[in-house]
Amino acid sequence: MTGPGTVLGRLYRAAPAVQDSVLAAALLLPDLFLFSDFALPSVELAGRLLTVGYAVLGYAALAARRRAPLAVFGYVWAHALGGELLTAAGAFDYSPTLGLLAALYTVAALRGARPAVFALVSVAVPVALSVRAALADVPEAERLTSLIGVACFYGLLNLEVWAVGRWVRAGRGAAVRDRLAVARAEEAVLSERARTARELHDIVANAVTVMVLQAGGARHVLRTDPGRVENALDQIESCGKTAVAELRHMLLVLRADGERLAAEEPSFGLADLDPLLNGVRQAGLTAHLRVTGAPAPLSRSVDLTAYRLVQEALTNAAKHAGPGAVTVVRLDWHPAGDRLKITILDDGRGAPPADRSELSTGHGLLGMRERVAVCGGTFEAGPARNGGFRVAAGLPTQKLPPREVGS
């Protein structure tokens, strides 16, 4: 059994054209009974059919009112004007009203202020003719009072329908702005979460990889080379302390007063490459740094990205190429001073650890690509012709502000 609730639910889920067709049918009958002579016993059948036919001709357009609000309004406006002119000519007695109100509401709700005001002003023409037709049979002594009453009725009715449409449009606009604000907030949260994940990965993955490789090397020479073991333990301790310090800094930045702390705490950059290279050298990797061109200033975020890129590429070389591999880090400063190209290339000829898959998180290259993209740079990575692996990125540089040039 189908109840009213089920019918309304289906109508609510129906296509807009179906909903608007139902609305047109719902307005047609009241319009005929209230604003025409359709229900008068004195009207012949032919006159009634003519009135109904003309009404259907206008209301059919309302099925497309949401797809083309202005076009439908223009059609319905002409239909209402035609009805008034045919009434004045004696063809029938019909003043199309409710359909014009529906079209006026649609323009006010779905279009901007200028089309909406134009539509409101334009309805004055058929409304004036409707008032004139309503006063045709009013005695002369009552005409002024009737004129005021009928004009106020039609004028306020159209103005209220128009105002409701504008109010609905304003509410929809506010809802859209709220949804956009929520979407931006969610995007910011996801972006911050991804940034935090990249930082954690870069800090922990590098430190753990170097420590594991150092520990593995120390185990092989535990009984034969105590000095080397001691050196490896020193490197493990140093690497662990550095990782803890970086984690502490990151956790401080994530606190409520993170902006102040981030400004106070130093961040890593290209100036810190020497300790980084020394760390992987102690793990058995042969690493060289080559710089061409005149260095240009980098923003803090780009400087950190450059450091993390080299750090992650060296970590991958230590894991996958292994101790004994030769890795070259190139910093090529563009002659125009607006670009830095970073290339990390290993020869793939080391002795990678047997458990290297356990050292990999699977997010290193993705993290590097995301970091570079955030800075507006370019990134590429893949096997090299020499049998090793190549990571390359282009990062933008910046010019020093005038007040910093002499510092």
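Across segment 90-191 the C-alpha pair distances fall into 5 Å bins from zero in the proportions 2, 12, 17, 15, 13, 10, 9, 6, 5, 3, 3, 2, 2, 1, 0, 0 percent.
Computed extension length for Ala294-Ala174: 38.0 nm, one decimal, from 0.36 nm per residue of separation with the Cα-Cα distance subtracted. For segment 19-89, which trypsin sites (Lys or Arg not before Pro) pass both filters: DSSP loop (anything but H, G, I, E, B) and at most 12 other C-beta atoms within 10 Å? Within segment 19-89, the qualifying trypsin sites (Lys or Arg not before Pro) (loop, at most 12 other Cβ atoms within 10 Å) are Arg67.
Shown for segment 4-137 is the translational diffusion coefficient from the Stokes-Einstein equation, using the Kirkwood radius over Cα pairs, a temperature of 37 °C and a viscosity of 0.692 mPa s: 211 µm²/s. Nearest 0.05, what FRET efficiency do Val374 and Cys152 give at R0 = 45 Å with Cβ-Cβ as r? FRET efficiency, Val374 to Cys152: 0.10. Using R0 = 25 Å, the C-beta based FRET efficiency linking Ala271 and Leu190 works out to 0.20.
Extension gain, Asn386 to Leu365: 0.36 nm times the residue separation minus the Cα-Cα distance gives 5.6 nm.
Read-outs: derived from the displayed coordinates by stated rules, not from any lab. Here the structure is a predicted model, which means the values were calculated and not measured. Positions of Cβ are generated from backbone atoms using ideal geometry, with glycine treated the same way; all protein chains shown enter the neighbour counts.
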